[in-house]
Amino acid sequence: MQGPDIHILAAGTALPGPPIDNATLARLLGMPTVWERWIDAFIGTDNRHFAVDLATGERRHTLTDIGEQAGARAMAAAGVGAGDIDLMVMGTSSPDMLMPATVNLIADRLGINDIPTYQLQSGCSGAVGALDVAHQMLQSGRHRTALVIGGDSCAKHLDTTVDMAKLPPGEQVNAVLFGDGAGAVVLSADPRPGSVVLRRVFARLTGLNRPPGQVIEWYGAAELDSGKPPAVEDYKAIEESVPTMAAEALQELLEDLDWKDDEIDYVLPPQLSGAMTARILKTLDLPMAAEVSCVRSTGNTGNALPFFQIELALPRMVTGDRAVGVAIESSKWIKAAYALEKV
């Protein structure tokens, strides 16, 4: 049985440090000028933000720092305080440490206590998975208001002492695709005038017998000299699989809701890169829907991206508008999607 409507009251986001454009990135990583042109042409991302200073290697921000900022901004925009939050869920692929969980460090910073907290370790679909967990728990009636956070800080894997030009493409691409950031939404079982309803949300593993498209290592002290690269990506496999998976996830979502293609006002597509987003949009084939994207200006911020898109979409939606979002994770191939409706 379908539970009560769950409403998005507000969203908030945070980016660490100044924007780094392609020319600056190429210079700081010691890459030739042709690399800058390659980023422009094949990646399609103009800027990204990093939690470290690439010139010095100094760590300026933690995921806890930017997660706290995003959460505080979402709560302020929603008009709720720490005592109003009775559930907290976070999705990330890059927690600050294995323990304590980053979600609990953020809760402490925000003054939140005595509530259930959950942290999902997953890639780009983790934010949608966190929305799914919170959505289901709110529908159960045991909780009223949830803070859901998604964020990643991948800069810890950027070694500025390495000769980037000598690395294989599967390692180089991570340096240009990803940036750091965090986002959050406040969900509530209590409606407000003009609020946006989270109609459906799902995240599903579909990687049986498929090799990972991306691997991110997490080293302990005994493994530091293992020789394994910290991050490797099979970008060709991702280019081939993600558009099809995105279309499948969208179709499942629309069929479940009995929504038609021409009834969608906004589409929030996967944000792997500017170039990939353009390809995916063609596959999604929603010509009447306005695109809501941010990856060209933020880089791929992983689990923060859906919340950046939701933050952009909320003020644009008017009564009756419908929006659909899709996120695809290539690490072990996860489809995720969600639907919003302004009531």
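The values are calculated or read from the model by the stated rules, or taken from the named source; none is laboratory data. Quantities reported herein were computed from a predicted structural model and do not represent experimental measurements. Methodologically, a virtual Cβ is constructed for each residue, glycine included, from the backbone with ideal geometry; neighbour enumeration extends over all protein chains shown.
Residues in segment 204-227 include none that are aliphatic (A, V, I, L, M), in contact with a strand residue (DSSP E or B) (Cβ under 7 Å, 6 or more places away or on another chain), buried (at least 22 other Cβ atoms within 10 Å of the Cβ) and at pLDDT 75 or above.
Among the residues of segment 269-293, the ones that are within 18 Å of E329 (Cβ to Cβ) and either in the same structural domain as G129 (by TED's automatic domain parsing) or hydrophobic (A, V, I, L, M, F, W, C) (or both) come to 4 in all.
Meeting the requirement of 2 or more residues that are at pLDDT below 95 and either outside the structural domain of V148 (by TED's automatic domain parsing) or not aromatic (F, W, Y) (or both), the helices (runs of 4 or more DSSP H) wholly within segment 1-90 are 22-28, 33-38.
Determine whether A247 is in contact with a strand residue (DSSP E or B) (Cβ under 7 Å, 6 or more places away or on another chain), surrounded by 16 or more Cβ atoms within 10 Å (Cβ to Cβ), not polar (S, T, N, Q) and not assigned by TED's automatic domain parsing to the domain that holds K156. Full working, then the answer.
Working: in contact with a strand residue (DSSP E or B) (Cβ under 7 Å, 6 or more places away or on another chain): no; surrounded by 16 or more Cβ atoms within 10 Å (Cβ to Cβ): yes; not polar (S, T, N, Q): yes; not assigned by TED's automatic domain parsing to the domain that holds K156: yes.
So A247 fails the test.
Collect the residues in segment 21-37 that are of a type in the set (A, V, I, L, M) and free of Cβ contacts under 8 Å to residues at least 60 places away in the same chain, keeping them in residue-number order. First the steps, then the outcome.
Initially, segment 21-37 is screened for residues of a type in the set (A, V, I, L, M), giving 23, 25-26, 28-29, 31, 34.
Once the filter is applied, which keeps residues that are of a type in the set (A, V, I, L, M) and free of Cβ contacts under 8 Å to residues at least 60 places away in the same chain, segment 21-37 yields A23, A26, V34.
Within segment 252-268, the presence of at least one residue that is outside the structural domain of I66 (by TED's automatic domain parsing), surrounded by fewer than 24 Cβ atoms within 10 Å (Cβ to Cβ), without any contact (Cβ under 8 Å) to a residue 12 or more places away in the chain and at negative phi is confirmed.
Among the residues of segment 158-171, are any crowded, with 24+ Cβ neighbours inside 10 Å and either hydrophobic (A, V, I, L, M, F, W, C) or under 25 Å from R59 (Cβ atoms) (or both)? Checking segment 158-171: not a single residue is crowded, with 24+ Cβ neighbours inside 10 Å and either hydrophobic (A, V, I, L, M, F, W, C) or under 25 Å from R59 (Cβ atoms) (or both).
Taking segment 93-105 as the range and being within 17 Å of the chain's Cα centre (by Cα) and among the aliphatic types (A, V, I, L, M) as the test, only V103 passes.
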